[in-house]
1. Step by step: first the residues of the stretch 74-111, then only those that are more than 20 Å from Ser321 (Cβ to Cβ) and hydroxyl-bearing (Ser, Thr, Tyr), then the one that is farthest from the chain's Cα centre (by Cα). Which residue is that?
2. Scan the stretch 162-205 residue by residue and report those that are in contact with a Gly (Cβ under 6 Å, 6 or more places away or on another chain) and modelled with pLDDT of 85 or more.
3. Got a sec? Which of Ser164, Ser205 is open to solvent by less than 20 Å² (accessible area, probe 1.4 Å) and touching a residue at least 40 places away in the same chain (Cβ under 8 Å)?
4. Select, from Arg479, Arg492, the only residue that is within 20 Å of Asn430 (Cα to Cα) and modelled with pLDDT under 80.
5. Here is a check on your reading of the model: is Val282 over 30 Å from Tyr207 (Cα atoms), loosely packed, with under 15 Cβ neighbours inside 10 Å and modelled with pLDDT of 90 or more?
6. Considering every residue within the stretch 534-555, establish whether at least one is closer than 18 Å to Leu488 by Cα and without any contact (Cβ under 8 Å) to a residue 40 or more places away in the chain.
7. Among the residues of the stretch 323-349 satisfying the criterion of being loosely packed, with under 15 Cβ neighbours inside 10 Å and of a type in the set (Gly, Ala, Ser), which is modelled with the lowest pLDDT?
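The values are calculated or read from the model by the stated rules, or taken from the named source; none is laboratory data. Just so it is clear, the model here is predicted, and its values are computed rather than measured. Methodologically, a virtual Cβ is constructed for each residue, glycine included, from the backbone with ideal geometry; neighbour enumeration extends over all protein chains shown. The area values use the complete protein model at the heavy-atom level, side chains included, leaving out ligands, DNA and RNA. Shrake-Rupley method; radii C 1.70, N 1.55, O 1.52, S 1.80 Å.
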Amino acid sequence: MKDKGKNKISIIFGLLKVVGPFSFVMLLAVLNGVLGTFSAFAIPVLGSLAVIKALGAEVDCSYGLLIGLAVGFGVLRGLLRYLEQYSNHFIAFKILAILRDKVFCKLTRLSLNRIEEKERGGLLSLLTSDVETLEVFYAHTLSPILIAAIFSLFVFLCLYLWVSPVLALVAILAYLAIGLVLPGVSYRSLKEEGRRYRRDFAGFSSYFLDSIQGVRNVLLFRQASVREEEIERRSTKLLKTTNSLKRKTALSSGVTEVFVTLSVAVFLTIAAVLISRDELSVFSAIVGTTMLFSSFGPVIALANLPGNLTQTFASGERLLSLLAEADDEWRKAGGTDFTFERMTMKNVSFGYGNGENVLQNACLSIGKGEIVGIKGDSGEGKSTLLKLILGFEKPREGEIDYGDTPIEKISTKSLRDNVTLVSQKTYLFNGTISDNLRIAKPDCSLGEMQEACRKASIDELISALPKGYETPVGELGERFSAGERQRLGLARAFLRDSPLILLDEPTSNVDSINEGIILSSILNERKSHAFILVSHRNSTMAISDRTYFLKNKKLKEEKEYE
């Protein structure tokens with residue numbers, strides 16, 4: 001239980017740290033909230049003073065002044081409420097942008113392997129639903145807690161000084177019960193459902209997104225009914241969790257209202273006793289009761305927080321857990337710049353996590369003007385080898401040097417400028433063809449794009465489209481075949497014009513004619529570039545100066561196996 005308590009406290013402090021740059025705005029929100037609540041509180045109190053004045057009590061204010069003050073506080077209440085909400089939501093939306101930025105930056109510092117282990121739907125839920133849930137914490141939790149504490153103390157002092165110390169004690173006990181004890185009990189009752197809801201929601205989102213993205217294969221293999229049943233099952237499970245959460249939240253709200261009613265009843269009973277003993281005047285009792293009735297708003301707001309806080313803490317826990325993960329950026333921060341001439345791998349061994357090595361004592365060298373081919377069966381570690389060359393993973397043993405500079409001492413920017421990877425599966429963003437090409441070179445001209453696409457044997461197809469390079473590719477590039485997406489990825493690499501280009505199965509999805517055009521382009525570019533080709537095709541390997549074979553964790557030149 002202690003660990004869970006510490007975890008909750010650490011979540012609160014972790015979320016509060018983000019508020020740092022906006023502390024002044026938060027204080028302004030609290031100040032406006034307190035003054036606004038006081039203004040709302042003052043209106044019925046002024047009304048009660050007018051009533052007891054009419055009943056014959058001595059009140060040092062005229063009716064005109066009382067009415068004028070009530071109207072003034074009403075207008076002031078509206079203005080202060082606006083400023084309070086504006087300040088809270090200004091902070092919330094600013095911080096939501098900061099949190100999304102932090103999450104995205106954290107993902108860029110994790111290894112590709114660790115990112116691939118995470119469910120895409122879970123990450124999408126984290127970046128959207130979880131982050132948006134935290135708005136409740138920043139916009140509707142922080143300032144209400146402070147407002148309730150300050151205002152409750154203010155009302156207690158008013159009752160103590162001007163009405164009755166005994167009734168003031170009743171009021172403060174009611175505030176503590178409704179604003180502190182009940183929310184604590186409610187939170188313990190709701191927290192498990194809140195965590196389960198966020199977990200079920202993330203799982204449902206991931207499965208649903210996966211089903212949508214793979215809908216063609218689902219239909220092709222006649223799995224629509226299976227997927228539909230599973231979506232229905234997950235949806236029903238999520239609905240049950242939601243209903244359970246709603247029922248307990250409604251019960252908590254009902255209990256809060258009962259406690260408010262009981263508090264008022266106790267207050268009136270004690271006031272009646274004090275009046276019967278001549279320890280309290282009827283006029284003071286009327287004003288005190290009005291004060292109590294008008295003061296429950298802030299503490300009721302606290303009592304209603306647990307329903308949202310359970311999900312807020314669950315979302316905060318997921319987000320802070322990701323941000324707390326150790327970075328995989330093992331190269332030195334900053335690092336040195338270089339210009340590619342030669343890359344050398346010396347006795348490199350690598351394995352994922354605590355598993356066995358998938359590469360053992362691998363040696364490879366390539367310089368500008370060379371084409372090196374790498375062959376091997378599926379699962380032998382060819383893609384892993386490319387990740388090591390890109391610096392995405394850290395070797396367990398051995399060295400990777402660019403010229404005389406070890407890879408761990410090279411800046412990330414310089415490494416990305418000098419080395420480009422074209423993966424077998426090209427991801428296209430939901431934009432136009434030109435938008436996707438300009439990812440490689442934002443300031444490129446139309447002529448440069450066309451030249452890169454000619455080298456990748458895709459320009460003719462693009463030019464035949466009605467909108468040409470301004471044609472939308474559709475979500476996930478669905479308007480293009482796998483081979484066309486692959487050629488667009490290759491065009492990106494030519495447009496990027498990095499000295500070292502890594503090609504992972506660059507011709508796997510194209511016919512022999514387009515393969516010949518692409519290979520011819522690679523040969524034409526070899527004078528100013530170096531290419532590492534990973535392919536199963538012997539025809540692709542034919543243009544290599546040297547071919548290596550990866551087998552049983554060993555990387556050797558193919559002639560060594562002959």
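1. As a first pass, look at the stretch 74-111 and keep what is more than 20 Å from Ser321 (Cβ to Cβ): 74-94, 97.
Adding the requirement that they be hydroxyl-bearing (Ser, Thr, Tyr) leaves 82, 86-87.
Working: Tyr82: 29, Tyr86: 23, Ser87: 23 Å.
For the stretch 74-111, the residue satisfying everything is Tyr82.
2. Selection gives Val163, Leu167.
3. Details: Ser205 fails: open to solvent by less than 20 Å² (accessible area, probe 1.4 Å).
Going through Ser164, Ser205 in turn, just one is open to solvent by less than 20 Å² (accessible area, probe 1.4 Å) and touching a residue at least 40 places away in the same chain (Cβ under 8 Å): Ser164.
4. Values: Arg492 fails: modelled with pLDDT under 80.
Unique residue meeting the criteria: Arg479.
5. Numbers: over 30 Å from Tyr207 (Cα atoms): yes; loosely packed, with under 15 Cβ neighbours inside 10 Å: yes; modelled with pLDDT of 90 or more: yes.
Considered against the rule, which asks whether it is over 30 Å from Tyr207 (Cα atoms), loosely packed, with under 15 Cβ neighbours inside 10 Å and modelled with pLDDT of 90 or more, Val282 comes out as yes.
6. For the stretch 534-555, residues closer than 18 Å to Leu488 by Cα and without any contact (Cβ under 8 Å) to a residue 40 or more places away in the chain: absent.
7. Ala333
Rundown of residues vs (1) hydrophobic (A, V, I, L, M, F, W, C); (2) open to solvent by less than 30 Å² (accessible area, probe 1.4 Å), yes/no style:
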residue: Asn217; (1), (2): no, no
residue: Lys240; (1), (2): no, no
residue: Val264; (1), (2): yes, yes
residue: Thr269; (1), (2): no, no
residue: Val273; (1), (2): yes, no
